[in-house]
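First comes the structure, then the notes that go with it.
The values are calculated or read from the model by the stated rules, or taken from the named source; none is laboratory data. The structure presented is a predicted model; accordingly, all values stated were derived computationally and were not measured. Backbone-built Cβ (ideal geometry, glycine too); neighbour counts: all protein chains shown.
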Amino acid sequence: MNPSPLKIRRIDSRRDDIRRAMAELREKLSPRGNVVSEAGRRKTIEVFGEPLTPAEVVERICRDVQTKGMAAVLDYSARIDNAPLTAETIRVPREELDAAHAGADPEFLETIRRVRENISTFQAAILHKDVRVERPGGYLRQRYRPLERAGLCVPGGAAAYPSTVLMTAVPAQVAGVKQLAVVAPPTRFGAYNPDMLATCRELGIEEVYRLGGAQAVAALAYGVEGIPRVDKIVGPGNLFVALAKRFVYGEVDIDSIAGPSEVVVIVDESTNPEYTAYDLLAQAEHSPGASILIGWNKEVLDAAVVALEMAIAQVERGELARRSLEEFGAVILARDADEACHLTDEIAPEHLHIATENAAELADKIRYAGAMFLGNYTPVALGDYAAGPSHVLPTSGTARFASGLTANDFLRCNSILHFDREGLLNLAPDVQMLATKEGLTAHRGSVEVRGGDMRGEGRGARGVGGY
C-alpha cells in the first residue's frame, strides 16, 4: 500500500496572508513552557500529585535541589527517570570510562580525533586575544581569562550524541577551561552509552554524571554533595532542560534557551531536489524538528516535495520525520529572491542552507541565522558533525540577537586601566564635567584631590594644584 501524501503546509506569498502565516510559523518554532502532551500531563500528576505546567515543574525541581541537595537529585532521578541511583553511583567511574574507550571501534576513535582537530583549529583561530590601547599618560587593556568550570548537557533520550560532547567540550578546552562536568540522562543513549563515554575519555573528561532533565541543570547550577557548582551550563536538551537553564540563569551563565532543531532551505532551479529532500529530513528526523523550504519557482518547490515524499521511506526515522514535517514544516513560495531573504530574516533560523547558484550573494542579504551553509555540497550535517563551528546554535528566532556557541563563550573579560599624573590631568576635565552634571561630587573629588581643581584649565593642563 502506498503511503498517504505528505500533508506539509504550503504558503504562497502571492495569495496568502503572509504576515499571519509567518506569525503562526514563528509561534510553532518557539518553545513554550505551558504546553504539555497528555502523556506528559499524566507523568506530572504521577510525580507531583497535580497537573503542573512544565515551567512549574522546573521551578519545583530547581528549588528542591537548591534546598535539599543530592537527596532531591536522587529522588527526582528515581521518580522521573526510573533510575535508582545513589550518591556513589551517580558518577560514572573512571574504570567504566576506560573500558568504554578500550572497547570502542578504532575507526570511531580516529573519527573523534579528526573532528576534534577540526574543531580545535577553527575555535583557536577565532579565540579572543588580549588587547592593549595606548593613551596619553597611560594605557587600557582588555584581558580575557577562561572560566574555571563548565557543565555540558548531552542529550540521551532517543539517540546517543557523542557529537554534542565534541561540540561543547572542545571549544571549552580551546578556551582553557580546566574542569568540565558532563551530565547525560541515565539511559542507554545517555550516560550508559559506550560511544558517548569513549568520546569523553578520548577528550580527557573524567567527570561524567548519570543525570538528566531539570535536576541535572539544577545540580550543576547550585552544586550538591559530590557535584561542585559550575560557572556556565551549555548544551542542548528537551523542554525541561531549556526551562531549567532559563530558571538558573543569574546563578550561572548559560549558552541559550533552545527549542526544536530547525532549518530553512532556499532553493532555485540549480538545486537538486533529492538533495533538498534529505536536507529537510535531516532536521525533521530530530522529531521535533522544523524544516522550512523557501523558493520563488513553484515547479522547483513541487519537485522538492515529490522527492521528499519518496525519501521519507528511505530513512529509519521516516514516520517520526513525517510527523515533524506535517506539524512544524512549511513550503513557502516567495515572489522573488529578495522576498525569500526577507522571509528568512523574519524566521531567523538555527540553520540556513542556501542551496542556490548565487548562494554567497544571497547570504550577504540575510542578517539573521545561527549558521549558514552555502551551495549544493554543504549540507547542514557537515556542521553538525565535523567542520569546526559548534552545532550548539540559537533556535526559535533567537538568532536575531544570539550567536552559536564558540570558545569565546567560555572566556570572561575585564578591562584594566593605568594612568600616570599626566594621563589623569588629560581626562580630568571631562570627568569633572560629567560628575558635576550627575551630582556625584565624590567622583569629581577623587580626581580633584589628585591634581587640584582643573576646571577652566583646558584639556591636558599640567602643574595645576601641584604636589
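Considering region 406-433, the residues that are under 44 Å from the mean Cα position of the chain (by Cα) and acidic (Asp, Glu) include one that is farthest from VAL449 (Cα to Cα), namely ASP409. Scanning region 328-347 turns up no residue that is in the same structural domain as SER270 (by TED's automatic domain parsing), in contact (Cβ under 8 Å) with a residue 12 or more places away in the chain, under 22 Å from ASN118 (Cβ atoms) and of a type in the set (S, T, N, Q). ALA399: part of a helix (DSSP H, G or I), at pLDDT 95 or above and of a type in the set (Gly, Ala, Ser), yes or no? Criteria not met by ALA399.
Among the residues of region 104-111, is any within 30 Å of ALA218 (Cβ to Cβ), at pLDDT 95 or above, among the hydrophobic types (A, V, I, L, M, F, W, C) and assigned to a loop (DSSP other than H, G, I, E, B)? No, because not a single residue in region 104-111 is within 30 Å of ALA218 (Cβ to Cβ), at pLDDT 95 or above, among the hydrophobic types (A, V, I, L, M, F, W, C) and assigned to a loop (DSSP other than H, G, I, E, B).
Is it the case that some residue within region 171-191 is part of a helix (DSSP H, G or I), small (Gly, Ala, Ser), crowded, with 24+ Cβ neighbours inside 10 Å and in the same structural domain as GLY103 (by TED's automatic domain parsing)? Among the residues of region 171-191, at least one is part of a helix (DSSP H, G or I), small (Gly, Ala, Ser), crowded, with 24+ Cβ neighbours inside 10 Å and in the same structural domain as GLY103 (by TED's automatic domain parsing), which makes the answer yes. Taken over region 318-341, the criterion of being of a type in the set (Gly, Ala, Ser) and either at pLDDT 95 or above or surrounded by 18 or more Cβ atoms within 10 Å (Cβ to Cβ) (or both) is satisfied by ALA321, SER324, GLY329, ALA330, ALA334, ALA337, ALA340.
Scanning region 225-256 for residues that are buried (at least 21 other Cβ atoms within 10 Å of the Cβ) and assigned to a strand (DSSP E or B) yields ILE227, LYS232, ILE233, VAL234, VAL252, ILE254.
Taking the numbered list (1) surrounded by fewer than 23 Cβ atoms within 10 Å (Cβ to Cβ); (2) part of a helix (DSSP H, G or I) in turn, GLU357 passes all entries but (2).
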